[in-house]
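In what follows, a structure is listed as structure tokens, so that the remarks can point back to it.
The values are calculated or read from the model by the stated rules, or taken from the named source; none is laboratory data. Note that the structure is a prediction, hence the values are computed from the model and not measured. Note that each Cβ is placed from the backbone with ideal geometry, even for glycine, and that neighbours are counted across all protein chains shown.
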Amino acid sequence: LSRDGLEVRRTSERNRNPHNAPDDWESAGLTRFERGLASGSPVAEIHEVDEARGELRYLRPILTGAQCLQCHGAEETLAPEVRERIAERYPDDRATGFAAGDLRGAFSVRVRMSPSNPG
């Protein structure tokens with residue numbers, strides 16, 4: 001968390017940057033988002049107060065848009081220079097093969113609760 005007790009990030013089970021791997025809470029939320037999409041009842045957001053850790057957690061899904069497919073679509077459809085750059089910078093990339101409307105990941109927010117910031 002930042003000095004101010006706030007963390008905002010993107011996360012995904014199929015991440016490009018391993019630093020964006022989800023923690024257990026985020027992973028469970030991503031699973032809920034996937035199940036909601038599959039059942040036709042998408043989940044818009046998840047939030048929870050974790051009293052034990054003194055944190056407010058928030059998760060909002062990121063759906064793959066048409067513009068995302070230039071870098072996150074099927075590998076065979078990516079421009080050669082894009083494929084090369086991804087391979088160079090992210091040799092363990094897992095963030096391709098998406099189609100429009102797929103769950104790409106989520107925005108994740110953690111806020112430390114305190115007497116001056118009770119959540």
Among the residues of the range 47-65, is there at least one that is surrounded by 17 or more Cβ atoms within 10 Å (Cβ to Cβ), of a type outside the set (V, I, T), touching a residue at least 60 places away in the same chain (Cβ under 8 Å) and in contact with a Gly (Cβ under 7 Å, 6 or more places away or on another chain)? yes
Checking G101, G29 in turn, the sole residue that is on the phi > 0 side of the Ramachandran plot and modelled with pLDDT of 95 or more turns out to be G101
Looking for something of a type in the set (S, T, N, Q), within 14 Å of the chain's Cα centre (by Cα) and more than 30 Å from R3 (Cα to Cα) - is there at least one such residue anywhere in the range 35-43? no
